[in-house]
Amino acid sequence: MSTYGHLDTDAHDVDPPGPDTRSARPAPASRTVLLRRATAPVALTAVMFLLAFTLGSTTLVTMQEVLAFAVFATATNLLLGQAGLVSFGQAVFFGIGSYTVALGWLHWQLPFWATFVLAPFVGALVAIPIGLVALRARKLYFALSTLAFSELAYQLAESRYNFTKGANGVFGPFVPTALTQPRTGYLFLLAVTVVSLLLLWKVNHSPFGLVLRAIRENRERVQALGVNVYLHQVAAFVISGAFCALAGAMFVIYSQSGYPELLDWTTSGWPVFMAVIGGMGTFLGPALGALIYQFGHDQLVLYFSDWQLVLGAVLLVIVMFWPDGLMGALARLGGVIRRWWKGRR
Amino acid sequence: MSDETAHDILLSARGLVRDFGPFRAVDGVDLDVRSGTIHSVIGPNGAGKTTLFRLLTGILRPTAGSLEFAGEQLAGRPTHVVARRGIVQAFQTTSIFPRLTAHESVCAALVSKHRRSRDLITWFHRGLAGEASQVLETVGLSDVADEQARALSHGDQRALEVALALAMSPRLLLLDEPTAGMSPFESHKMVQLVQRLAKEEQLTVILSEHDMDTVFGISDRVSVMHQGRVLADGPAPEVRRNADVMAIYLGSEA
Ligand SMILES: Nc1ncnc2c1ncn2[C@@H]1O[C@H](COP(=O)(O)OP(=O)(O)O)[C@@H](O)[C@H]1O
Ligand SMILES: [Mg+2]
């Protein structure tokens, strides 16, 4: 019944052994592999850059929203895909990022650039206590408590009229005029997105990232290997919170306002949807999900009055048939094509 | 007898008790494990071997009793602290990382050992690839290093389980039924591995096992458990000669 794996000498023929396979592993550090791996992201960035000069203003503005959500979804996926933590409370940090910019201007006349840089730090700071509390619970209870924090943040923002302007939100000319131009705004957000994703990608491939994945796979085992699981999860929560807050600050360039709905649990649901659609198990999946969700959502609203129902059905199908989302399906398709191409040559 | 005094006592448990509700799974166990020996704990299913192991590694808190390891009191300390002190377990129910490759799994253990788990910047296998390959080589998994753990054969998964523990460079390695569910061939390889580790790496090993021939073949000392208590304890040949023990063990096994 059991296959003897390495004991069966014939088994090697599929994948030729020898110095190649062995030296291939430490390779990500080697230059050629690094270059090959960098091709796709660099090409993608170049295409995104060129879009700034080909797309119309309306689409560029939608793309600004997409970029903010790409960072939001990728940051959320550090918890979801990497650490295996389902959080329905990331909007708390997204909203805090937006409010940092808006309220900094409203109360203290802080310049946009200062608050934009400050936002991720505020997000991280708030994520510490929330993470410490929410991560005391597991799985469903963790998800529920993050949801509760999201609702709490929403209620606070709505009820403290003197500080937050309540349900109306904060509107004003706090975004520098240069960035209110669709193209400059888009290019600035693109730059921030590229840097953010690079940093998050680095975290994914770091020792910390590996330990997070190991915790996702088998928490007790990691504990038995001498790791304080709780503290590592809190750290992941804080990092995610920081980038979600940055995404919120990015969103302000698009919305030019901060309002309570940015904090509530429906907003928390967006990045989770995006990650599921694009593929939680892949790094760029959530960003792809953001693109599809944003444009797909506009189409859905046009054709279906019950668009949320349609969205729910789409999600169900994806979770059941493509657990790695669209990105996973694309990767498999790419594999098939590559094999077919090799076979032809 | 002479070599008994030659070994220091590495781990010493006194009066370990563990209750599950009204049920006493471990009932006042004393255990002395000498440095550099293979010490086996045998006993029929339900004797309390696994529970005892979980007490030693801190996964469970003892209801009562003390646990001294290399001069330090460890009873009631959390698992990750116990693991840091050098007590590492390979689990009876294979407990691996299904969607990580064998190489990544061992790297995760190495990251923990070298206290690099807070490193957010470097590549995870930076400086670990060589050590990881060595560990995989030791347990005979070099050829499947890049396979996901869930795709490995049962025997290889057991070997990976041991590799995870070995990667921690333990001072005391706990193996809970390492040959459970293995084919005779796989199980023979595992036994050889354990013997080699004890001899070459000077590892101290506590082993639980239900196959008597395996146990007496490789153990320096044996403790016999039954219904949560240690009935007999001593050098392997002596315990083997103890007719009462054999009767109880074989009797309840039948
Ligand atoms: N978590 C638990 N809750 C309740 N009873 C348990 C638990 N773990 C073990 N037991 C009981 O303790 C006894 C000893 O089990 P165990 O330590 O697994 O024995 P062994 O490993 O020797 O087969 C068994 O009767 C088992 O049912
Ligand atoms: Mg057992």
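The values are calculated or read from the model by the stated rules, or taken from the named source; none is laboratory data. Please read these numbers as outputs of a predicted model, since none were measured by experiment. Using ideal geometry, Cβ is built from the backbone for each residue, glycine included, and neighbour counts are taken over all protein chains shown. The protein model used for the area step is the full one, side chains on, heavy atoms only, and it has no ligands, DNA or RNA in it. Shrake-Rupley method; radii C 1.70, N 1.55, O 1.52, S 1.80 Å.
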Determine the residues within segment B:95-110 where the difference in accessible area between the chain on its own and the full set of protein chains amounts to at least 50 Å²; count protein heavy atoms only and use a 1.4 Å probe.
-> B:97, B:99, B:100
Roughly what would the spin-label model give for residue A:152 and residue B:99, points 7 Å off Cα along C-beta, in nm?
-> 3.0 nm
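Per-residue Cβ counts within 10 Å, from other chains only, averaged over A:131-140: what number is that? Could the numbers behind the result be given before it?
Details: counts 0, 0, 0, 0, 0, 0, 0, 0, 0, 0.
For this peptide, the per-residue mean of nearby foreign Cβ atoms is 0.
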Using the alpha-carbon atoms, what tilt in degrees (0 to 90, nearest 10) does helix A:91-108 show relative to the longest principal axis of chain A?
-> 40 degrees
Calculate one ³J(HN,Hα) per residue across segment B:104-112 by plugging θ = phi - 60° into the Karplus curve 6.51 cos²θ - 1.76 cosθ + 1.60, and present them in order as whole Hz with x for glycine and proline.
-> 4, 4, 5, 4, 4, 5, 5, 4, 5
Largest-first principal axis extents, alpha carbons of segment A:106-254, Å = 54, 36, 22
Share of Cα-Cα pairs in the protein assembly as shown lying beyond 34 Å, as whole percent | 51 percent
Can you give the FRET efficiency for residue A:306 and residue A:184, using 1/(1 + (r/R0)^6), R0 = 35 Å, r = Cβ-Cβ distance, to the nearest 0.05?
-> 0.35
Label segment A:205-317 by shape, choosing from rounded, prolate and oblate, from the square roots a ≥ b ≥ c of the eigenvalues of the Cα gyration tensor; if a/c is under 1.5 it is rounded, and otherwise prolate applies when a/b is larger than b/c, oblate when it is not.
-> prolate
Rounded to the nearest 10 Å², the accessible area of residue A:340 using a 1.4 Å probe with every protein chain kept is 150 Å²
Total charge dipole magnitude, chain B, about the Cα centre, Cβ charges on Lys, Arg, Asp, Glu only, Debye to nearest 20 | 900 debye
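Over chain A, average the accessible area per residue using a 1.4 Å probe and give it in Å², no decimals.
Numbers: 17040 Å² over 345 residues.
Computed with neighbouring chains in place, this is 49 Å² per residue.
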Taking every Cα atom in segment A:48-110, find the radius of gyration and the maximum pairwise distance Dmax, and write them in Å.
-> 15.5, 40
Could you work out how far helix A:139-159 tilts from the main Cα principal axis of chain A, as a 0 to 90 degree angle to the nearest 10?
-> 20 degrees
Note down the accessible area of residue B:116, probe 1.4 Å, to the nearest 10 Å².
-> 50 Å²
Report the normalised scattering of segment B:70-115 as log10 I(q)/I(0) at q = 0.22, 0.23, 0.29 Å⁻¹, calculated by the Debye formula with identical scatterers on the alpha carbons.
-> -0.92, -0.97, -1.16
Rg to Rh quotient for segment B:120-231, alpha carbon positions, Kirkwood Rh | 1.02
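Could you list the square roots of 5 times each eigenvalue of the Cα gyration tensor of segment B:19-130, that is, the equivalent ellipsoid semi-axes, sorted largest first and rounded to whole Å? Display every interim value, and only then the final one.
Values: eigenvalues 196, 55, 40 Å².
Here the semi-axes work out to 31, 17, 14 Å.
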Can you spot the lysines whose alpha carbon is less than 16 Å from residue B:189's alpha carbon? Ignore those fewer than 8 places along the same chain.
-> B:199
Amide H contacts of residue A:110 (H built 1.01 Å from N, under 5 Å, at least 5 apart or other chain) = A:105
What accessible surface, in Å², does a 1.4 Å probe find on residue A:306, ignoring ligands, DNA and RNA and rounding to the nearest 10?
-> 100 Å²
By accessible area with a 1.4 Å probe, ligands and nucleic acids excluded, highest first: order of B:210, B:125, B:226 = B:210, B:226, B:125
Chain A: C-alpha pair distances exceeding 38 Å, % | 21 percent
Quick one: if the Förster radius is 56 Å, what FRET efficiency do residue A:117 and residue B:68 give, using the C-beta to C-beta distance and rounding to 0.05?
-> 0.60
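Ratio of alpha-carbon Rg to the 2.2 N^0.38 Å globular estimate for chain B, to two decimals, please.
On the way: Rg = 18.2 Å, N = 254, 2.2 N^0.38 = 18.0 Å.
Taking the Cα Rg and dividing by 2.2 N^0.38 Å, one obtains 1.01.
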Name the residue farthest towards the positive end of the dipole of the protein assembly as shown from the options A:317, A:334, A:302, assuming +1 on Cβ of Lys and Arg, -1 on Cβ of Asp and Glu, about the Cα centre.
-> A:302
Accessible surface, 1.4 Å probe, highest first, among residues B:61, A:183 | B:61, A:183
Report the one residue of B:157, B:93, B:134 whose Cα lies farthest in the direction of the positive end of the charge dipole of segment B:87-169 (charges on C-beta: Lys and Arg +1, Asp and Glu -1; origin at the Cα centre).
-> B:93
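Taking 2.2 N^0.38 Å as the expected size of a compact globular protein, what ratio does the Cα radius of gyration of segment B:87-169 give against it, to two decimals?
Values: Rg = 11.9 Å, N = 83, 2.2 N^0.38 = 11.8 Å.
The value comes to 1.01.
Averaging sequence separations of C-alpha pairs under 8 Å and six or more residues apart, then dividing by the length of segment B:87-169, give the relative contact order as a whole percent.
Relative contact order here is 49 percent.
Over all directions, average the projected area of the Cα convex hull of segment A:113-166 and note it in nm². Walk me through the numbers before you get to the answer.
Details: hull surface 17.8 nm².
About 4.4 nm², averaged over all directions.
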Evaluate the Debye formula for segment A:180-239 with equal point scatterers sitting on the alpha carbons, no solvent, and hand back log10 of I(q)/I(0) at q = 0.20, 0.25 Å⁻¹, in q order, two decimals.
-> -0.75, -0.97
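Could you sort A:265, A:322 by accessible area so the largest value comes first, with the probe set to 1.4 Å?
Numbers: A:265 125, A:322 105 Å².
These residues rank, largest area first, as A:265, A:322.
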Specify the angular offset, from 0 to 90 degrees and rounded to the nearest 10, of the alpha carbon long axis of helix A:265-278 from the longest principal axis of the alpha carbons in chain A.
-> 30 degrees
Report, in debye and to the nearest 20, how large the dipole of segment A:56-263 comes out about its Cα centre when Lys and Arg carry +1 and Asp and Glu carry -1 on their Cβ.
-> 420 debye
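Give the A-B buried accessible area in Å², both sides summed, 1.4 Å probe, nearest 100. Intermediate results must be reported in sequence, preceding the final value.
Details: alone 19000 and 12510 Å², together 27770 Å².
That pair hides around 3700 Å² of surface in total.
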In sequence order, calculated HN-Hα J values of segment B:165-171 (Karplus, 6.51, -1.76, 1.60; Hz; x Gly/Pro) | 5, 4, 4, 7, 6, x, 8
Starting from the Cα of residue A:159, step 7 Å along the direction of its Cβ; do the same at residue A:171; then give the gap between the two resulting points in nm.
-> 2.6 nm
Calculate the spin-label point distance for residue B:137 paired with residue B:196, positioning each point 7 Å from the Cα along the beta-carbon direction, and give it in nanometres.
-> 1.1 nm
Under 15 Å, Cβ to Cβ, from residue A:156 - net charge with Lys/Arg +1 and Asp/Glu -1 | -2
